[in-house]
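Participant: Mind having a look at this structure? Questions to follow.
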Amino acid sequence: MNGHQTPPQQRARMVEEQLHARGIRDPRLLAAMGKVPREEFVAHEDLGNAYGDYPLPIGAGQTVSQPYIVAAMIVALELRPTDRVLEVGTGTGYEAAILGELAAEVWTIERHAELAMKARAILARLGHVNVHVVVGDGSVGLPQHAPFDKILVAAAAPKIPESLVAQLADGGRLVVPVGGRFEQQVQVVRKVGAKTIVSLHDLCRFVPLVGEEGWEP
Ligand code: SAM
C-alpha cells in the first residue's frame, strides 16, 4: 500500500494523519516522531507496515505499539528536556528512541534478553547515546539508577507497582496501564512530597507486565 512512498514520506504522513489529526499537538513530540525511523526497529517482513496504524509483532510473543499509542503515552508523561526517564518494556527500542529525543537520559529495561540486545544494537547504530538498555525485571524498577523524573510502563500491570512509585523523584510522574489481562486503563501517578495522586485515562490493551510486581509468567 505504501510501496510508492519512501520511509520519510510515510513517516510524515503518519505524523499528520495518525497523530496531528487525532489531537497530538506537542511540536517536540511530533518532530521526534517525524525523525525516528520506525522502519529500522521492525522485522524485515514488516518493513511495508512500519508506519501502519496498528501494533506489530516483534518476536518473543511481544508487540510494538501503534504510533498513536506511543505518542499518547508520552503526552501523559509531560516530559521536560532535563528529565531522567525509566521505560519498562524496551521491546524494539523504538519508544526509547523517541524518549531519548525528548529527555536528557533514558534507562530502558526489558525482560527478554534477545529483544534487549537487538534494541541496544539498533539504538547504538542510530546514535542514541543517551539511551541505556538493561536486561531484567522492570516491574521492580531500576533502583541503582533511581530516582527518575518520569517512568513509562509499556506493558500492562495488575496493579500500580509500588517499587516504581518509590523510585519516582518528588514531582515525578508514572504512566502505567493497569487492569486485567485483556483490557486496561492508563493510570498516571503523580508524586507530590509524601503523597501520590492517581488519575485515570484512556482504556487500552497492552501485553502483560511479567515479573515480581506484575503478572506471573
Ligand atoms: N516500548 C516497546 C517498543 O517501542 O517496541 C514496546 C513494548 S511491548 C508493548 C512490552 C514489552 O514489555 C515487551 O517487550 C515485554 O517483553 C516487556 N516486558 C514485560 N514485562 C516486563 C518486565 N517485568 N520487565 C521488563 N520488560 C517487560
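Participant: Given the criterion farther than 20 Å from GLU95 by Cβ and at pLDDT below 95, identify the matching residue among ARG181, ARG190. Outline the logic, then answer.
Facilitator: Values: ARG190 fails: at pLDDT below 95.
The match here is ARG181.
Participant: I need the full set of residues from region 116-150 which are buried (at least 23 other Cβ atoms within 10 Å of the Cβ), within 12 Å of the ligand (Cβ to nearest atom) and either of a type outside the set (Gly, Ala, Ser) or farther than 22 Å from VAL189 by Cβ (or both), in order please.
Facilitator: ALA119, LEU123, VAL131, VAL133, listed by residue number.
Participant: Limited to region 78-115, what total is found for residues that are in contact (Cβ under 8 Å) with a residue 40 or more places away in the chain, among the charged types (D, E, K, R) and surrounded by fewer than 24 Cβ atoms within 10 Å (Cβ to Cβ)?
Facilitator: Here the count works out to 7.
Participant: Quick check, is THR63 within 13 Å of the chain's Cα centre (by Cα) and either at pLDDT below 95 or surrounded by fewer than 22 Cβ atoms within 10 Å (Cβ to Cβ) (or both)?
Facilitator: Yes.
Participant: Looking at region 183-195, which of the residues that are assigned to a loop (DSSP other than H, G, I, E, B) and not hydrophobic (A, V, I, L, M, F, W, C) is nearest to the ligand (Cβ to nearest atom)?
Facilitator: Here the answer is GLU183.
Participant: If you don't mind, another one. Would you confirm, using the coordinates I've provided, whether VAL70 is touching a Pro at 6+ places or on another chain (Cβ under 9 Å), near the ligand (Cβ under 9 Å from one of its atoms) and within 21 Å of ARG205 (Cα to Cα)?
Facilitator: no
Participant: Output the number of the condition that ASP149 fails; it satisfies all remaining conditions of (1) in contact (Cβ under 8 Å) with a residue 60 or more places away in the chain; (2) out of contact with any strand residue (DSSP E or B) (no Cβ under 8 Å at 6 or more places or on another chain).
Facilitator: Checking ASP149 against (1) in contact (Cβ under 8 Å) with a residue 60 or more places away in the chain; (2) out of contact with any strand residue (DSSP E or B) (no Cβ under 8 Å at 6 or more places or on another chain), the one that fails is (2).
Participant: Name the one entry in ARG38, ARG84 that is basic (Lys, Arg) and more than 10 Å from the ligand (Cβ to nearest atom).
Facilitator: Testing whether each residue is basic (Lys, Arg) and more than 10 Å from the ligand (Cβ to nearest atom) leaves just ARG84.
Participant: A further question follows. Looking for something within 9 Å of the ligand (Cβ to nearest atom), part of a strand (DSSP E or B) and within 20 Å of the chain's Cα centre (by Cα) - is there at least one such residue anywhere in region 196-210?
Facilitator: Residues of region 196-210 within 9 Å of the ligand (Cβ to nearest atom): 206-210.
Applying the additional criterion that residues be part of a strand (DSSP E or B) yields 208, 210.
Okay, now just the ones that are also within 20 Å of the chain's Cα centre (by Cα), so 208, 210.
Yes, that holds for at least one residue.
Participant: Here's something else I'd like to know. Kindly provide the set of residues from region 51-67 that are within 9 Å of the ligand (Cβ to nearest atom), within 21 Å of GLY23 (Cα to Cα) and either assigned to a strand (DSSP E or B) or without any contact (Cβ under 8 Å) to a residue 40 or more places away in the chain (or both), ordered by number.
Facilitator: Across region 51-67, the qualifying residue is only PRO55.
Participant: Return the residues of region 29-53 that are within 15 Å of ALA71 (Cα to Cα) and either exposed (fewer than 12 other Cβ atoms within 10 Å of the Cβ) or acidic (Asp, Glu) (or both); say none if nothing qualifies.
Facilitator: Passing the criteria: only ASP53.
Participant: Search region 177-208 for residues being closer than 19 Å to GLN66 by Cβ and in contact (Cβ under 8 Å) with a residue 60 or more places away in the chain, and hand back the single one that is surrounded by the most Cβ atoms within 10 Å (Cβ to Cβ).
Facilitator: Restricting to residues being closer than 19 Å to GLN66 by Cβ and in contact (Cβ under 8 Å) with a residue 60 or more places away in the chain, the top hit is PHE206.
The values are calculated or read from the model by the stated rules, or taken from the named source; none is laboratory data. Here the structure is a predicted model, which means the values were calculated and not measured. Neighbour counts are summed over all protein chains in view; Cβ atoms, including those assigned to glycine, are modelled from backbone coordinates with ideal geometry.
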